[in-house]
């Protein structure tokens, strides 16, 4: 007879969960010991819980199956909440195992005692504290079933120490999942009629609709009906590049997204929400769907996206249409003054086939979609929940899920400092990750927001809260200190040389790109006025300005 920990791990393995990102403590030691009896389970140590949760997120996005985390009590779970928030917003299947004090010990309110369930509910759609070793296997099976969805979601199983160490655990078989339903016939017929009718039409794709098979069907429908294809602002995972349809992502800045959506009569949602502004701004609208636009939902997060799109394609007679595909087109190697845009251009020129880009570049990555549109086929992971510190951990998980693919993580300097410990795990696991850190020595995105919100009286004290220059961060020393080969680039030529070296050399690399902020000085001061004027300008002019700011 096995103890609870053995039964739990075997239940996870039976369900196909074979990777666990860990940051354990005393209460989890029986789970840790049980790992040696389960060769199928890969345990990956992280130095911070936010790395464990972000790595599990990145793994699940690329492996198309959940990863697990092992976290220490409520405090450990709390340390990982930001990246669990990002996973929740991205509908990523992820299973947290959170250790707790023994059931009989909780009444003493020991120093690390906390209400773990309350902490977990903020980011978890399913939460349960297991009460016995005999029940643990079923609890684990219920947790796996819940996190797999659809939609994918975060599930948190709380594991008291005595439930883990006591005998009587029983491993459970894999979950039996019911296939999700497709869109019903009346909904398909109504959307087909809207798309084939008069007016300006668009299709907004999210989450599962941004993978190659579904992208192809959506592009056929768009070609047949004259609809524009949009992707949500921050996709969980989008497949891009040569041989795939080009999809324009909605802009982060609400004013620019409004230009993209302006004049629409019909907007069809496919596994996506109606677009809204990321934040509220004085005197500006939060809901971005045009006032007279009719909203349609073809497939919700609980429905079968592919089957729904196939039904719509048949209804509009698009199933035999040849979709427009992006040709292979490289931008050329960059030259001249070193800027963030030159970094993006170099990546577009040198990106290898089947690479994975983890994009947490913030303002420095504005030009990345344009320069990589015609690059060889690749995947892009983005900051789904907006909580910075996701990129480096996501890269860890993606590299473990796809060990034969090059991972390039593009990270802002402020974002990097949230979860820099991920570099140590990259070195420990010998992961094939290139981390490009845009060191512009500021929270550049917040300088933009300071202008946009119209905050009055912002002087030197206010601006100092957004400045990272005193003292300057030395990412080469930080990277080397965690075992990652690290180089600094202060010129375009130095960056190209560093990137070429990292691409041909396996293992983790860090390139610190010392660049000026993409939006600074006069450009930064003028931006709010330009954005405010867009709604009053003729559409062609507004669209041209939008392309100039965020192509």
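Tabulated results
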read-out: Criterion: outside the structural domain of residue 396 (by TED's automatic domain parsing), part of a loop (DSSP other than H, G, I, E, B) and over 28 Å from residue 423 (Cβ atoms) - qualifying residue of 528, 551; value: 551
read-out: Selection status of residue 234, in contact (Cβ under 8 Å) with a residue 60 or more places away in the chain and more than 30 Å from residue 329 (Cβ to Cβ); value: no
read-out: Boolean, residue 481 is loosely packed, with under 15 Cβ neighbours inside 10 Å and closer than 23 Å to residue 419 by Cβ; value: yes
read-out: Among (1) surrounded by fewer than 15 Cβ atoms within 10 Å (Cβ to Cβ); (2) within 18 Å of the chain's Cα centre (by Cα); (3) closer than 25 Å to residue 401 by Cα - the single one residue 271 does not satisfy; value: (1)
read-out: Residue in segment 372-390 that is farthest from residue 518 (Cα to Cα), counting only those that are over 15 Å from the mean Cα position of the chain (by Cα) and crowded, with 24+ Cβ neighbours inside 10 Å; value: 375
read-out: Qualifying helices (runs of 4 or more DSSP H) (wholly inside segment 135-229; at least 3 residues being outside the structural domain of residue 69 (by TED's automatic domain parsing)); value: 185-196, 212-225
read-out: Qualifying positions in segment 94-111 - outside any helix (DSSP H, G or I) and touching a strand residue (DSSP E or B) at 6+ places or on another chain (Cβ under 8 Å); value: 94, 95, 96, 97, 98, 99, 100, 101, 102, 103
read-out: Evaluation of residue 174 against (1) surrounded by 18 or more Cβ atoms within 10 Å (Cβ to Cβ); (2) out of contact with any strand residue (DSSP E or B) (no Cβ under 9 Å at 6 or more places or on another chain); (3) closer than 26 Å to residue 33 by Cα (one fails), failing number; value: (1)
read-out: Test result for residue 39, closer than 24 Å to residue 430 by Cα and within 24 Å of the chain's Cα centre (by Cα); value: no
read-out: Residue under evaluation residue 35, criteria (1) on the phi < 0 side of the Ramachandran plot; (2) surrounded by fewer than 21 Cβ atoms within 10 Å (Cβ to Cβ); (3) in a loop (DSSP other than H, G, I, E, B), criterion not met; value: (3)
read-out: Residue list for segment 440-461, filter: crowded, with 24+ Cβ neighbours inside 10 Å and not in a loop (DSSP other than H, G, I, E, B); value: 444
read-out: Those residues of segment 117-134 which are in contact with a strand residue (DSSP E or B) (Cβ under 7 Å, 6 or more places away or on another chain), in a helix (DSSP H, G or I) and closer than 16 Å to residue 53 by Cα, in sequence order; value: 120, 121
read-out: Residue within segment 414-429 that is surrounded by 19 or more Cβ atoms within 10 Å (Cβ to Cβ) and within 30 Å of residue 329 (Cα to Cα) present; value: no
read-out: Filter result for residue 340 (in contact (Cβ under 8 Å) with a residue 12 or more places away in the chain and under 25 Å from the mean Cα position of the chain (by Cα)); value: yes
read-out: Any hit, segment 41-56, residues being part of a loop (DSSP other than H, G, I, E, B), free of Cβ contacts under 8 Å to residues at least 40 places away in the same chain and crowded, with 17+ Cβ neighbours inside 10 Å; value: yes
read-out: Enumeration of residues in segment 6-27 that are part of a helix (DSSP H, G or I) and closer than 19 Å to residue 66 by Cβ; value: 7, 8, 9, 10, 11, 12, 13, 14
read-out: Total residues in segment 57-71, condition surrounded by 24 or more Cβ atoms within 10 Å (Cβ to Cβ) and in a helix (DSSP H, G or I); value: 5
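Every residue, every condition in (1) closer than 20 Å to residue 279 by Cβ; (2) in contact (Cβ under 8 Å) with a residue 12 or more places away in the chain; (3) in contact with a strand residue (DSSP E or B) (Cβ under 7 Å, 6 or more places away or on another chain), yes or no:
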{"residue": "479", "(1), (2), (3)": "no, yes, yes"}
{"residue": "486", "(1), (2), (3)": "no, yes, yes"}
{"residue": "496", "(1), (2), (3)": "no, yes, no"}
{"residue": "499", "(1), (2), (3)": "no, yes, yes"}
{"residue": "531", "(1), (2), (3)": "yes, yes, no"}
{"residue": "537", "(1), (2), (3)": "no, no, no"}
{"residue": "541", "(1), (2), (3)": "no, no, no"}
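Residues checked against (1) in a loop (DSSP other than H, G, I, E, B); (2) loosely packed, with under 13 Cβ neighbours inside 10 Å; (3) touching a residue at least 24 places away in the same chain (Cβ under 8 Å):
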position	(1), (2), (3)
279	yes, yes, yes
284	yes, no, yes
292	yes, yes, yes
297	no, no, yes
307	no, no, yes
312	no, no, yes
319	yes, no, yes
322	yes, yes, yes
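The values are calculated or read from the model by the stated rules, or taken from the named source; none is laboratory data. These numbers were taken from a predicted model, which means no experiment stands behind them. For neighbour counting, all protein chains shown are included, and Cβ atoms are generated from backbone atoms with ideal geometry for every residue, glycine included.
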